[in-house]
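Right, one structure below, let's go through it.
The values are calculated or read from the model by the stated rules, or taken from the named source; none is laboratory data. In this text, all values refer to a predicted model and were calculated from it rather than measured experimentally. Methodologically, a virtual Cβ is constructed for each residue, glycine included, from the backbone with ideal geometry; neighbour enumeration extends over all protein chains shown. In case anyone asks, the SASA skips ligands and DNA or RNA and just uses the protein heavy atoms, side chains included. Shrake-Rupley method; radii C 1.70, N 1.55, O 1.52, S 1.80 Å.
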Amino acid sequence: MKAELEKCMAGETFTADSSTSDLGLRAKRLLRQYNACDYADSEAKLSILHDLLGSMG
């Protein structure tokens, strides 16, 4: 049986549990940090985006 996070990542119907809730909270915190950055601080913005997205092309 798949874990709820695996279902979520596969685009399947899932029930939110502590792992998916923790990821949502982490994303909200990173977005708050990103929005609070100075518009000219591209290094900090890229670092936060890397943490949020994992990789960028």
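Remarks
- Qualifying positions in the range 8-40 - in a helix (DSSP H, G or I), of a type in the set (Gly, Ala, Ser), over 18 Å from HIS50 (Cβ atoms) and open to solvent by less than 80 Å² (accessible area, probe 1.4 Å): SER19, SER21, GLY24
- Residue count for the range 41-55, restricted to those that are of a type outside the set (Gly, Ala, Ser) and either outside any helix (DSSP H, G or I) or open to solvent by 90 Å² or more (accessible area, probe 1.4 Å) (or both): 5.
- Every pair of residues 6+ apart whose Cβ atoms lie under 7 Å, when the first sits in the range 33-48 and is modelled with pLDDT of 95 or more while the second is open to solvent by 70 Å² or more (accessible area, probe 1.4 Å): ILE48/GLN33
- Selection count, the range 28-55, where residues are hydrophobic (A, V, I, L, M, F, W, C) and out of contact with any helix residue (DSSP H, G or I) (no Cβ under 6 Å at 6 or more places or on another chain): 7
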